[in-house]
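One structure is given below, encoded as structure tokens.
The values are calculated or read from the model by the stated rules, or taken from the named source; none is laboratory data. None of these values were measured; they are calculated from a predicted model. Note that each Cβ is placed from the backbone with ideal geometry, even for glycine, and that neighbours are counted across all protein chains shown. Heads up: the accessible areas ignore ligands, DNA and RNA and are worked out on the full protein's heavy atoms, side chains in. Shrake-Rupley method; radii C 1.70, N 1.55, O 1.52, S 1.80 Å.
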Amino acid sequence: MNHLLSFYREHAEKVLLPFWFRAIDLERGGIYTCFNNEGTELVSTDKYTWSQGRMIWILAHMASMIQKNLLSGDADFCLRNARKTMDFLRDHVFLDNGNCAYVLTADGGKKEAIPGLGYDISFYADCFVVLGFAKFAQAAGDSAALQDSLRLYRRIMERVAGGDLRSEPYPVPEGYEAHSVPMILLNVSQELADALDAFSHPEVQAVRNEAISFVDTIMDRFYDLDGGIIREMLPADRNEADTLLSRHVTPGHSLECMWFVMTEAVKAGSRQRVEQAAAVVERAFDLGWDPQHGGLFRYVDREGGEVRGRRSGGRYEALVSDTWDMKIWWPHSEALYALLLGYRLTGRIDLYAKYEQMHDYVFRTFPHPDQAVGEWIQIRDRSGQPVQKTVALPVKDPYHILRNVLLIIELLASE
């Protein structure tokens with residue numbers, strides 16, 4: 001594994017990080033992410049909360065890795081700019097109801113991303129603020145950041161209990177339950193529990209129990225035993241089982257969620273959950289792999305291939321049907337880590353073989369050919385050619401690639 005460890009360290013330090021360090025707003029805090037797909041032009045200075053919280057996580061986690069000699073760099077620079085971004089959010093992002101605004105201007109003014117819908121249109125933005133603050137608290141030993149993270153987490157859980165979850169840019173279609181909700185809540189609760197544990201906080205077990213409950217929701221409700229898949233949407237009406245929404249699978253979400261599940265299952269000592277999640281990883285890879293061009297389809301039918309099923313209209317359904325065969329960055333970065341982690345935890349050589357297949361495709365497809373620009377050209381068509389298209393937020397996101405590369409470095413270094 002030593003050659004892989006060297007490869008990923010070099011990729012992080014020479015290809016990914018130079019791009020994102022240039023994007024940090026050193027004056028006001030925060031990071032600029034509204035670049036074109038190639039990363040050659042900043043098209044807006046708006047600061048999406050979603051990305052700000054994610055970058056705090058990246059910087060704080062990097063600082064910890066540098067301190068452990070897992071990565072080269074300046075830990076103080078990372079912590080200083082993570083704190084500055086956190087303070088930028090503290091000063092500007094919170095609304096009177098305790099929720100987060102979805103997008104801010106460069107200097108912190110609140111904006112309506114969709115005119116007339118208000119500021120707090122997506123609980124996902126709040127979730128990424130929790131993740132960022134919790135990771136910073138752990139890296140810097142900052143108890144105030146931990147309390148802010150816990151307070152916002154409890155506000156999110158109030159909204160969950162009250163059914164008040166707005167989820168732009170693609171609201172959950174009426175009459176459906178979305179896998180993405182317990183998925184993000186699992187990641188948020190497990191990372192917050194880790195931070196609470198580092199402080200011996202009295203609420204650590206309560207939050208850890210919530211993480212385990214989200215694992216159970218995912219694996220007992222959304223896992224389809226017959227197909228070995230994670231269903232992305234569950235209809236309230238069983239007569240809707242033949243719709244496109246009911247039939248479609250998101251391989252990237254399945255892969256990402258399963259490494260969340262495996263991580264939590266290890267902490268809980270549940271070998272059965274680890275094996276179950278590893279099997280889903282293999283099935284998601286097989287179902288999503290494009291036999292003609294390689295890489296993962298964005299969406300597939302539960303039996304494989306192009307999405308199909310009865311259609312009723314709506315923004316999310318249009319997204320699935322219009323972009324099902326695209327090759328976009330985040331599922332591929334999630335696949336790299338999920339396959340390696342599954343192999344590490346189970347010893348199944350077939351998972352490592354699929355990792356090698358994915359590694360070969362990813363690094364001959366996504367990295368920018370001009371090293372002076374760096375990063376990845378993140379959005380591509382089925383054949384792998386770059387396209388200018390918005391995916392969820394109109395941003396070039398710093399999170400998935402860097403997060404998974406950092407986690408892979410940690411995993412390989414622990415061998």
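Surface calculation, 1.4 Å probe, protein heavy atoms: ASP164 sits at approximately 80 Å² accessible. Computed over neighbours whose Cβ is under 14 Å from that of ASP226, the net charge equals +2, Lys and Arg +1, Asp and Glu -1. Taking all protein chains together and a 1.4 Å probe, the residues ILE121, ILE349 rank ILE349, ILE121 from largest to smallest accessible area.
For the chain, with all protein chains in place and a probe radius of 1.4 Å, 48% of the accessible heavy-atom surface sits on carbon or sulfur.
Computed over segment 225-271, the P(r) tail beyond 13 angstrom holds 64 percent of alpha carbon pairs.
Ranked from the most accessible area to the least, with a 1.4 Å probe and all protein chains present, what is the order of ARG273, ARG159, ARG382? Walk me through the numbers on the way to the answer.
Numbers: ARG273 30, ARG159 5, ARG382 65 Å².
The ordering from most to least exposed comes out as ARG382, ARG273, ARG159.
Write down the Kirkwood hydrodynamic radius of segment 1-116, to one decimal in angstroms, obtained as one divided by the mean of 1/r over all alpha carbon pairs. Across segment 1-116, the inverse of the average 1/r is 15.4 Å. Share of antiparallel DSSP beta bridges in the chain, in percent to the nearest 5? About 95 percent, rounded to the nearest 5. Sorted from greatest to least, the principal axis extents spanned by the alpha carbons of segment 55-129 come out as 49, 22, 19 Å.
If you take the square roots of the eigenvalues of the alpha-carbon gyration tensor of the chain and sort them as a ≥ b ≥ c, do you get rounded (a/c under 1.5), prolate (a/b over b/c) or oblate?
rounded
Too long at a 18 Å Cα-Cα cut-off: which of LYS47/LYS111; LYS68/LYS135; LYS110/LYS135; LYS14/LYS389? It would help to have the intermediate numbers written out before the result.
Working: LYS47/LYS111 10 Å; LYS68/LYS135 16 Å; LYS110/LYS135 25 Å; LYS14/LYS389 26 Å.
Over 18 Å Cα-Cα: LYS110/LYS135; LYS14/LYS389.
Helical content alone sets the calculated 222 nm signal of the chain at -17500 deg cm²/dmol, taking -39,500 (n - 2.57) per DSSP H segment of four or more residues and averaging over every residue. Hydrodynamic estimate: the Kirkwood radius of segment 188-275 over Cα pairs, inserted into Stokes-Einstein at 37 °C and 0.692 mPa s, corresponds to D of 228 µm²/s.
Stretched out fully, how many nm does the piece from GLU303 to ASP224 gain, at 0.36 nm a residue minus the Cα gap? Could you put the intermediate results ahead of the total?
Numbers: separation 79, 0.36 × 79 = 28.44 nm, distance 1.20 nm.
The span from GLU303 to ASP224 would gain 27.2 nm if fully extended.
State in Å² the accessible area per residue of the chain; use a 1.4 Å probe, count heavy atoms of protein chains only, and round to the nearest integer.
Values: 15780 Å² over 415 residues.
Value for the chain: 38 Å² per residue.
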